[in-house]
Each structure stands twice: as C-alpha cells, then as structure tokens.
Amino acid sequence: MPLTRYARITGMNDVLFEEQRYWRYVLERIQYVADLYGYRRIDVPVMEVTALFVRGVGEGTDIVEKEMYSFEDRDGTWVSLRPEFTAGIMRAYIENGLHVLPTPLKVWTTGPLFRHEKPQAGRYRQHSQFDIEVIGEQDAAVDVEVISVAWHLFRELGFRDLRLHINSTGCPRCKPGYVRALVDFFTPLADQLPEVDRMRLRKNPLRLLDSKEEATQPLLERAPHIVEHLCPECAAHFADLCRYLDALERPYQINYRIVRGLDYYTKTVFEIKAAGLGAQDTICGGGRYDGLIAELGGPPTPGIGFGSGIERIVLAMQQLGLPVPEEVRPQVMVCYLGAPAKLAAVRLVERLRDSGIRSLLAFGDRSLKAQLKSADRAAVEYAVILGEEEVQAGVATVRSMARGTQEQVALEQLSAWLDAALRGALPAASSALRA
RNA sequence: GUGACCAUAGCUCAAUUGGCAGAGCAUCUGGUUGUGGCCCAGAAGGCUGCGGGUUCGAGUCCCGCUGGUCACCCCA
C-alpha cells in the first residue's frame with residue numbers, strides 16, 4: 001500500500017473516453033484535409049538538443065528563456081522537450097537533405113509539445129498541435145494555401161464563427177525601420193504609458209502592439225502601422241496575400257497588432273480565433289520564416305507554417321456543442337453458464353472477432369443476470385448465450401437486446417448469422433421465440 | 001513568475017453557532033432453477049488535500065504548504 005497517492009504533474013492531462021471521441025474525430029479530419037491539400041506526414045523526435053531551439057525559436061523569447069523543459073542527459077548533452085515543431089522539422093529537412101525533393105516540400109505532423117507555463121483554460125504544459133510547414137517557396141499563394149488548410153479543417157469540424165487576422169512583420173530590411181518609428185512615436189508619450197508598457201517600450205517595442213492596458217489603447221489607435229513601413233518586396237508580398245484572399249472571398253481582417261512571440265517570423269503572420277474559449281481563444285497561429293533555415297545552417301530557403309492547438313479545438317467544440325461521431329461500440333457479448341460452456345465461449349468470442357464482429361466476453365463466472373446486465377451497459381446489439389444445453393446441441397442462443405427476442409443458431413453459422421443481422425439483413429426463415 | 005477563488009466517497013454535493021461524516025449518481029450483490037433496462041433491499045467505498053495551531057471537542061476558526069480553477073504575462 002503506497003502511503004502517498006500519485007497525482008498528475010501540473011499542467012499534464014488525462015484524456016478520458018468521452019473526450020476521446022473528439023480527439024479521434026479531429027485527428028481523422030486532420031488526415032483528410034492534409035491529404036486533400038497534398039501534405040505528407042513527417043514525425044520528428046519529442047527531444048532535440050537545447051541549442052536547436054535556442055537558435056531556432058530565439059534566445060530572448062519567453063519560450064526559450066523560461067518555458068523549456070531542459071535537462072542534462074546521462075551523457076552530458078543538454079536536451080529539451082520540444083516547445084514547438086518548426087525548429088525540429090527544419091533540422092530534419094537539413095539533416096536528411098530534403099531539399100532534393102520536389103519544391104515546395106509540404107509536410108504536416110501532430111504530437112505533444114511541452115512548455116512550462118502556468119496552466120489555465122485552454123493552456124497546458126503538455127499540449128498537442130496539428131502543424132504544417134511548406135518549405136522552399138516564397139510565393140504568397142503558398143501563404144494563402146497554408147491559411148486555407150487551417151480554415152478548411154475548422155469548417156470541416158463544424159466551426160462557423162471564425163475570425164482570421166493577418167499582418168506582415170516585414171523582413172530584416174524593413175522591420176528595424178518600423179521599430180524605430182514605433183519608438184519615436186511612443187517615447188514622447190512615455191509618461192502616459194502604464195508601467196508594463198514603458199518596460200515594453202524599452203525591451204521589446206513590438207510587444208506594445210498587443211498590449212491590453214486600458215491607458216495604452218487610445219495611443220495605439222494613432223500609432224504607426226507596420227504595413228506603411230514595409231520595404232517594396234514585403235509590401236508587394238502582402239498585397240498579393242490580400243489579393244488572393246479576396247479572390248477566395250475569405251473574410252479576414254488586417255490586424256496590425258498581431259506580433260508573434262517567436263523570433264523567426266518574417267512577412268506574413270496570422271491567427272485564427274474561435275468563439276467559445278476563454279482568454280486563450282487563438283486556435284491557430286503561424287507565419288512565414290524565410291530566414292530560419294539559413295539561421296540553422298541550411299541553404300537559404302523560405303518557409304511558412306502554422307500550429308493549431310488540439311486541446312483548444314476540442315475545448316471549443318465542446319463549448320459550442322459541435323457534433324462528433326458516437327464512440328464505436330462493441331456489437332456482441334458472449335455469455336456462458338458453467339465451465340464447459342466457458343471453454344466454448346472463450347473459443348467463440350475469438351472466432352467472432354476473426355470475422356470482424358466487435359465482441360466482448362462476459363468475464364468472471366457471474367450469474368446470467370449479471371452478464372446480461374453488463375451486456376446492457378456495454379450497449380451491444382446481441383447477447384450470445386452458451387449454456388450446457390446449447391453446447392450439447394451445438395447451437396447458441398442469440399438475444400436481441402433491443403427487441404428482447406431470442407433464437408437458436410447453429411454454432412457453425414453464428415458468425416455469418418450475426419454478420420447479416422448486424423447489417424440489418426436478418427435471415428428470413430428464423431423461428432423467433434419471445435422471451 | 002504575479003493575483004483572485006476553491007479543496008468532504010470514483011462523480012455532483014450536504015453536514016445548524018465548533019458537537020457521532022451523509023445523500024444522489026456510478027460500482028458490486030441479492031429479490032429461489034438460465035435472462036438486461038424499471039422498481040425494491042443490501043454491500044463496498046473517507047486519515048474531510050497535507051502539516052501545524054486554538055479548543056474539552058475542528059470538515060467547520062487561524063497559520064503554512066501542496067494541488068486545482070480562472071485571469072495577467074506569454075502562447076496553440
């Protein structure tokens with residue numbers, strides 16, 4: 001007897017059966033949409049050397065500075081549980097020489113990510129994302145396709161109230177100029193800013209844009225927009241993005257206040273928000289990272305991708321009452337009376353499974369009453385009863401749980417009989433007796 | 001990392017001013033031979049999150065810790 005009861009580690013979650021219906025459906029739709037758009041699955045390790053994330057995500061980011069699960073491996077190398085997918089996938093791209101594949105390379109993945117944050121609604125320390133990446137093409141039509149993959153998925157899952165926000169963060173050529181303009185704008189107004197935002201002005205001026213401080217809001221209204229400071233190349237790219245979105249008649253809004261927290265973003269950034277969640281209402285976020293692969297030691301190659309939190313999707317679907325398929329239920333339960341019949345039952349249930357019938361065996365030598373009760377709880381369509389009499393005669397008693405009728409079926413024909421009955425094609429000349 | 005609220009059976013919740021820890025649901029068994037759902041009866045299930053303190057006496061009051069929830073920060 002253990003003296004302590006073990007509990008979940010903070011921010012970790014058990015996904016129980018009711019919720020699994022959502023997970024199963026979401027994953028299934030993800031595969032469908034990924035196939036539809038021609039994305040190939042890739043899986044990368046949950047652990048990488050810490051330096052990869054420091055270099056990829058960015059040294060000064062919150063993720064790297066205070067949220068990574070990092071530790072020294074037994075052989076002395078520093079490793080981290082992945083806090084996001086992109087860096088690992090880019091490492092795999094470079095390491096496996098995937099640039100030799102037809103360009104662009106379009107991949108998707110899913111799995112757990114780890115960030116040591118304080119948990120709250122829709123935010124967990126271990127969470128899963130659906131992630132896609134397109135590597136090797138800077139055409140803005142790619143950006144639109146990437147957004148469409150997410151959009152299509154959410155529509156497929158039944159979401160209707162979605163909001164797409166887009167922005168451009170420029171590139172190393174135009175971003176510094178904008179940051180300077182932003183600082184020039186706010187510096188004379190610094191005394192009107194709350195403490196937090198004065199700090200942002202000094203440390204990371206771009207963060208001012210997504211400030212939620214009351215006092216800052218009216219100032220932000222008049223602050224310069226990055227869209228007006230883009231270099232000709234970034235401006236043209238952004239204009240293309242908008243033109244293609246318009247062509248799709250996809251509703252979007254340009255939100256010059258989207259600033260993503262990862263250093264690698266360039267040009268397009270976007271978020272999709274859903275109703276039904278609390279403060280964490282972003283179910284998809286991503287953008288372009290044209291400098292990342294070179295930064296990680298690969299050939300200069302543009303890329304774009306997004307991550308979408310599966311827990312958040314599931315949470316929103318539950319809140320919104322979106323329909324998901326019922327849990328797959330077993331179809332038959334085999335009940336038995338006495339030891340000889342039990343031997344026959346053990347053989348029979350496995351034979352039923354061989355013919356593809358989802359079957360349970362009533363364990364534990366309990367009374368027939370108890371066995372039928374568990375058949376009822378399991379919501380099977382048929383109970384198959386094997387007693388001394390049945391074994392003698394080489395038959396089984398088959399009881400329809402819904403109708404309460406039963407009849408005897410020869411053991412050799414049982415699989416075929418059940419198979420037909422479960423399809424709704426009951427054999428015609430069967431003599432049903434009322435119970 | 002900061003703040004607010006919360007913690008009693010597997011779940012949802014009771015327990016008078018500080019006075020014997022309970023109910024419903026779920027689980028198991030039974031209501032006469034081999035027949036489910038409804039009903040009835042019973043069983044099992046608790047160091048009241050943990051540790052201190054006040055008190056004749058603490059689930060209840062006080063302090064600390066841990067955990068949970070929500071929000072900030074950040075992010076999916």
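What follows is calculated from the coordinates using simple rules that are stated; it is not laboratory data. Computed from a predicted model, the values in this text were never measured in an experiment. Cβ coordinates were reconstructed from backbone atoms using ideal geometry, including for glycine residues, and neighbour counts include every protein chain displayed.
Laid out as a table, the results:
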read-out	value
3J(HN,Hα) from dihedral phi, segment A:398-410, Karplus parametrisation 6.51/-1.76/1.60, rounded to Hz, x for glycine, proline	10, 10, 7, 5, 6, 8, x, 9, 9, 8, 9, 10, 4
Cα centroid separation, segment A:157-216 to segment A:31-101 (Å)	28 Å
Using θ = phi - 60° and Karplus 6.51 cos²θ - 1.76 cosθ + 1.60, couplings along segment A:117-134 (whole Hz; Gly, Pro as x)	10, 7, x, 7, 3, x, 9, 10, 6, 10, 9, 10, 10, 9, 9, 10, 9, 10
Within segment A:23-78: Cβ-based charge dipole about Cα centre, in debye rounded to nearest 20 (Lys, Arg +1; Asp, Glu -1)	360 debye
Rounded FRET efficiency, nearest 0.05, which uses the C-beta distance separating A:D191 from A:M47 and R0 of 35 Å	0.15
Segment A:260-329 versus segment A:334-354: alpha-carbon centroid distance in Å	49 Å
Signed unit charges on C-beta, dipole axis of chain A, positive-most listed residue A:G287, A:G356, A:Y252	A:G356
Trypsin sites (Lys or Arg not before Pro), loop per DSSP, at most 14 other Cβ atoms within 10 Å - longest free stretch of chain A	A:213-357
Loop-located chymotrypsin sites (Phe, Trp or Tyr not before Pro) in segment A:140-227, at most 13 other Cβ atoms within 10 Å (DSSP)	none
FRET E, pair A:R377, A:A416, Förster distance 30 Å, beta-carbon r, rounded to 0.05	0.65
Cβ-defined net charge surrounding A:L262, 15 Å radius [Lys, Arg +1; Asp, Glu -1]	-4
Longest DSSP-loop-exposure-free segment, GluC sites (Glu not before Pro), chain A, at most 16 other Cβ within 10 Å	A:328-435
Value at 222 nm in deg cm²/dmol, rounded to 500, when DSSP H runs of n ≥ 4 in chain A each add -39,500 (n - 2.57)	-11000 deg cm²/dmol
Segment A:332-434, dipole about Cα centre (Lys/Arg Cβ +1, Asp/Glu Cβ -1), debye to the nearest 20	380 debye
Net lengthening on full extension, A:K212/A:Q31 (0.36 nm per residue, minus Cα-Cα)	61.5 nm
Residue with peak Gaussian network fluctuation, chain A [Cα springs, cutoff 10 Å], from A:G338, A:G321, A:G56	A:G338
Computed lengthening from A:D73 to A:R222, 0.36 nm per intervening residue step minus Cα-Cα distance	48.6 nm
Cα-based radius of gyration of chain A once divided by 2.2 N^0.38 Å, which approximates compact folds	1.32
Hydrodynamic radius (Kirkwood) for segment A:332-434, which is based on Cα pairs only, to one decimal in Å	13.4 Å
Size of electric dipole in chain A: Cβ of Lys, Arg +1 and of Asp, Glu -1, about Cα centre, debye, nearest 20	880 debye
Nonlocal amide H pairs with A:T266, under 5 Å, H built at 1.01 Å	A:R288, A:Y289, A:D290
Highest-fluctuation residue, A:L322, A:L343, A:L277 considered, GNM on chain A with Cα pairs under 10 Å	A:L343
Given charges at Cβ of Lys, Arg, Asp, Glu: chain A dipole, positive-most of A:L368, A:V79, A:Y382	A:L368
Cβ-based net charge around A:A51, under 11 Å, with every Lys or Arg adding one and every Asp or Glu removing one	0
Cα radius of gyration and Dmax for segment A:1-150 (Å)	17.8, 63
Size-normalised alpha-carbon gyration radius of segment A:1-63, reference 2.2 N^0.38 Å	1.74
In nm, spacing of pseudo-spin labels at A:V346 and A:R403 (7 Å Cα→C-beta vector)	3.4 nm
FRET E, pair A:D354, A:Q20, Förster distance 30 Å, beta-carbon r, rounded to 0.05	0.70
Net charge, A:V142 excluded, C-beta distance under 12 Å - Lys, Arg +1, Asp, Glu -1	-4
